[in-house]
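Just so it is clear, none of the values below were taken in a lab; they were calculated from the coordinates. Keep in mind the model is a prediction, meaning the values are calculated, not measured. Positions of Cβ are generated from backbone atoms using ideal geometry, with glycine treated the same way; all protein chains shown enter the neighbour counts.
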Amino acid sequence: MSAPSTATATRPTAPSTRPIVEVRGVSKVYGKVRALHAIDLEFEPGRLTSLLGPSGCGKTTLLKIIAGLIPPSEGEVRIQGRPVTGPGPERAFVFQDFALLPWATVLKNVAFGLELRGVPRAEREERARHWIAEVGLAGFEQSYPHQLSGGMRQRVGLARALAVDAQVLLMDEPFSAVDEQTRRKFQEDLLGLVAREKKTFLFVTHSIEEAVYLSDRIVLLSPRPGRVAGIVEPKIRRDGDPERIRRDPVYLDTVETIWRGLKGYVE
Amino acid sequence: MRSAALDEPAAVPVEAEDGRTALGGAALRLLSVAIVLGLWEVAGRGGVNPALPAFSETALAALAMLADGSLPAAFLVTLEPLVLGLAISTLLGVGLGIAMGLWRPAEWLGVPVLVILQAAPLAALVPLLTFAYGIGLTSKTLVVCIMALPVIVLNAYRAIRHTPQSLVEMGRVFLASPRIIVLRIVLPAASPVIFAGLRLGVAAGFIGAILAELLITPTGIGDLVTYHQSVADYPRMYAAIAAIVLASALTIGLLERVEIRLFRPERAGR
Amino acid sequence: MQVAGFRLPASSSLLLWLLLWELVGRAEVTILLPPITAIAARLVEIVPTPSFAEALAITGQAFFLGNAIAILVGVPVGVLMGRSRIADELLLPWVNLFVSAPLSALVPVLMLLFGIGQTTIVTTVFLFAVWIIVLDTRAGVRGIPPSLLEMARCYGAGPLQCFFKIHLLAALPEILTGIRMGVIRGVKGVVIGQLLVSVVGFGHLFEIYSSNFLMEHFWALLFVLFAFAVLVAEGLAWLERRVDYFAAARH
Ligand SMILES: Nc1ncnc2c1ncn2[C@@H]1O[C@H](COP(=O)(O)OP(=O)(O)OP(=O)(O)O)[C@@H](O)[C@H]1O
Ligand SMILES: [Mg+2]
């Protein structure tokens, strides 16, 4: 992901392809808490969708339902047309708390998913090394998680998810632990990645700016029970200087619009 | 079940050296030992109590007992039930704890009983064990077991139950089978706490071994203590006690080292 | 655990164990295990006797006295160690030595020094309880954010006020954990002490019952002890959860 910092990313904005992930009428109830209510969403390959909403509105829950980690109370999720009953090889997850094995080196952590898929040692280590380098951690292959900073650990989790070459990447606040500079660098790198790989990205964030900057589409969720409160498709030209995007009137207007929409929930 | 023994920190944590200046620390620790031993010497010589020998007398007695071989011989005798009991407790305890952590029916059956056993003064069972199994090795081994087993089981159980949920979810996302999740995630994640439980079990086992030797029949170190007490050879009696206390401290210190080495690489580097 | 969709209460398995015990007792598999009902009947019988009351009183006295001294000594020493580096370096090796030492080996010494009686038992309880109280208090005090103490000093608090208003209160959850673990150890200490001294309290009764093969008596006494130990542990755990609740805002 260490793309040149001037991410020259142009993306087809025409969503003509068939959705790879379909969420149909999904609700989730935890005991008495209604976390999600009647969510209908579709996700197409090659596009990045952000889930944006106040804390506790069910973003993580939705992502985990799509991952097959928790069953929905109602409704279903389909991946490539088939209903989800559990985790599958076409989906990978980036955990908000990294979920690294503390007793394993960076190399082993990144290769973990491949290892479980039965990829032979030499091959999985080669692929792991490639992705470690891609996220800018070359030289840290033999380090242990506790020897890395929070942001570096987050990148290990990212590399592990990218290494299994899944079609759908579910990312739960993947940049939450990094400082502002690194975060910006990551965002630019992610734009490069989306442009290069024809994958489906689902991205949870708390930051309106981040969502607008990165996304082809932003799904706004209402507070509990979370439902789709609105969908924004920022029409931002992503070629050229990344700094220009942040000063782009369309960018600023979109941020403003979303903020005004969400403000109601805060008050 | 939320209960006294369960929400207590899984085990007394390893006392790690923190970033204090090592040299000044070592000097102070040396000073501390010197002060305590000095006080002991003064109290012994000053005749605070006729049954309190000075430190120098005790140390000389210890050397004499080392030289005539009585101390090493006693240690060998004491070690027998101790090692046997700890081996049994470790195998059985870790096995039970893991079973309780992984399998709901075992948890339901086992946890309440173990919570009681950990809080209860099981030493009171010693007369019963003597009554049932006589005064030999079996009883003494069982005393070590009843002291060491509950803490080992409960630590293993808690360690398994406290596996970080996100690590298990990570395993599932990357398509690990339940067996692989247990072998590759749950057990490695639990092993530091399981090992800390073993350390606590060893400390409890020492208490049990000495209790058995003092209460059932005097053998080994217990014999040295009772015999020298009966002939009023207090320096040798104290030397035997100091020796077993030191042996226990050294064993536990060694286990801490091993623990840091194996499971806490972030502390080993200091 | 759930059986056929019905949630079994957490400690309900104890009933199953008691039932099993009763069956084993009735079947007279071993004279070690008399039926629970017989033990219960014996319990009702011996509890009102003067010898039991006396043993209970003397055991309770040793237990409370030993623990009280352990708390009164352990907490201030722990605070001192948490605050002063020199005190910490001087005391920590000994605290670490004794917290996991085979204290049963020290009882013969205590008997020599303090005689065969209550003083020895109280000292045993003290020795079992005090070290973990010191260690946990020390850990709690070391966890107090320095800003809290600076704040107190800014508002003109003296050392004594700091001790009572900041150290004790801010480290209260850890101190209570230490006290709870110390008290649990204290129960074990009082029993080990009495067994070894064997002329006072429950130790004396145990001696009489076991040498006369009075298994029902023996178990009745054990049940009283175990119930006492569990009640004390659970009661303190309950208190600790209350304090944790109030202290939750601390972090
Ligand atoms: N395992 C669970 N049991 C009970 N309730 C839960 C559980 N997981 C989540 N919830 C509830 O469901 C709601 C949604 O939780 P979720 O973690 O999905 O929110 P989120 O949008 O990811 O929040 P945040 O932005 O703070 O991460 C919350 O109100 C939470 O209390
Ligand atoms: Mg979340």
Per residue of C:80-90, what is the mean number of Cβ atoms on other protein chains within 10 angstrom of that residue's Cβ?
-> 3
How big, on average over all directions, is the shadow cast by the Cα convex hull of the protein assembly as shown, in nm²?
-> 40.7
Over the Cα atoms of the stretch C:50-248, Rg to Rh with Kirkwood Rh, two decimal places?
-> 1.06
Between A:Ala104 and A:Arg34, Cβ-based FRET efficiency (R0 60 Å, step 0.05) works out to 0.95
Charges only on Cβ, +1 for Lys and Arg, -1 for Asp and Glu: so what's the dipole of chain B about the Cα centre, in debye to the nearest 20?
-> 880
What nm distance separates the two modelled labels at B:Leu91 and C:Leu23, each placed 7 Å from Cα along Cα→Cβ?
-> 2.8
Would you grab the residues whose amide H sits under 5 Å from the one on A:Ile20? Only those 5+ places off in sequence or on another chain, please, with H modelled 1.01 Å from N.
-> A:Phe43, A:Glu44
Taking chain B and counting helices only, DSSP H stretches of n ≥ 4 at -39,500 (n - 2.57) each over all residues, the nearest-500 ellipticity at 222 nm comes to -25500 deg cm²/dmol
Sorted by chain and then number, the residues having a modelled amide H within less than 5 Å of the amide H of A:Glu90, at least 5 places away or on another chain, are none
Here are some pairs, A:Lys198/A:Lys263; A:Lys32/A:Lys108; A:Lys198/A:Lys235; A:Lys185/A:Lys235; A:Lys108/A:Lys198; A:Lys235/A:Lys263; which of them have Cα atoms lying more than 31 Å apart in this structure?
-> A:Lys198/A:Lys263; A:Lys32/A:Lys108
If we count other beta carbons within 10 Å of each Cβ, what is the order of A:Thr85, A:Thr254, B:Thr163, fewest first?
-> A:Thr85, B:Thr163, A:Thr254
Computed over chain B: relative contact order in percent, which uses C-alpha pairs under 8 Å that are six or more apart = 26
Here the averaged projected area of chain A, based on the convex hull of its alpha-carbon atoms and given in nm², is 14.3
Chain A, relative contact order in percent, only Cα pairs under 8 angstrom and at least six apart counted | 29
For chain A, calculated [θ]222 nm from helices alone, where every DSSP H run of n ≥ 4 adds -39500 (n - 2.57) | -11000 deg cm²/dmol
With r as the distance between the Cβ atoms of B:Leu30 and A:Ser73 and R0 = 45 Å, compute the FRET efficiency 1/(1 + (r/R0)^6) and round to 0.05.
-> 0.10
Compute the acute angle (0 to 90°) between the alpha-carbon long axis of helix C:172-197 and the principal axis of greatest extent of the alpha-carbon atoms of chain C; round to the nearest 10°.
-> 40
From the phi of every residue in the stretch C:25-34, what ³J(HN,Hα) in whole Hz does the Karplus formula 6.51 cos²θ - 1.76 cosθ + 1.60 yield, where θ is phi - 60° and glycine or proline is x?
-> x, 4, 6, 6, 5, 9, 6, 5, 10, x
Apply the Karplus parameterisation 6.51 cos²θ - 1.76 cosθ + 1.60, with θ equal to phi minus 60°, to every residue of the stretch B:88-103 and state each ³J(HN,Hα) to the nearest whole Hz, in sequence, with x for glycine and proline.
-> 4, 4, 5, 4, 5, x, 5, x, 4, x, 5, 4, 5, x, 9, 10
What is the magnitude of the charge dipole of the stretch B:122-270 about its Cα centre, with +1 placed on the Cβ of each Lys and Arg, -1 on the Cβ of each Asp and Glu, and no other charges, expressed in debye to the nearest 20?
-> 680
Considering Cα pairs under 8 angstrom that are at least six residues apart, work out the relative contact order of the stretch C:50-248 and quote it in whole percent.
-> 27
Full extension between C:Gln161 and C:Ser84 adds, at 0.36 nm per residue less the Cα distance, a length in nm of 26.0 nm
Once the Cα atoms of helix B:137-161 and of chain B are each reduced to a long axis, what angle between those two axes, in degrees from 0 to 90 to the nearest 10, is obtained?
-> 40
Cα gyration tensor of chain B, axes a ≥ b ≥ c as square roots of the eigenvalues: rounded (a/c below 1.5), prolate (a/b > b/c) or oblate?
-> oblate
Mind sorting C:Glu89, A:Glu256 by how few other Cβ atoms lie within 10 Å of their own Cβ, fewest first?
-> A:Glu256, C:Glu89
So which residue, out of C:Val199, C:Val79, C:Val24, gets the largest mean-square fluctuation from a GNM of chain C using Cα contacts under 10 Å as springs?
-> C:Val24
Neighbouring Cβ atoms within 10 Å as the yardstick, rank C:Ile116, B:Ile210, B:Ile98 fewest first.
-> C:Ile116, B:Ile98, B:Ile210
Working out 0.36 nm times the residue gap between A:Arg18 and A:Glu243, then minus their Cα-Cα distance, what length gain in nm do you get to one decimal?
-> 77.7 nm
Residues with amide H under 5 Å of A:Ile39's amide H, sequence separation 5 or more or different chain, H placed in the peptide plane at 1.01 Å from N; which?
-> A:Gly25, A:Val26, A:Ser27
Kindly give the semi-axes, whole Å and largest first, of the ellipsoid equivalent to the stretch A:20-177, taking each as the square root of 5 times a Cα gyration tensor eigenvalue.
-> 30, 17, 13
Phi to ³J(HN,Hα) by Karplus 6.51 cos²θ - 1.76 cosθ + 1.60 over the stretch B:75-80, Hz, x for Gly, Pro | 4, 4, 5, 5, 5, 4
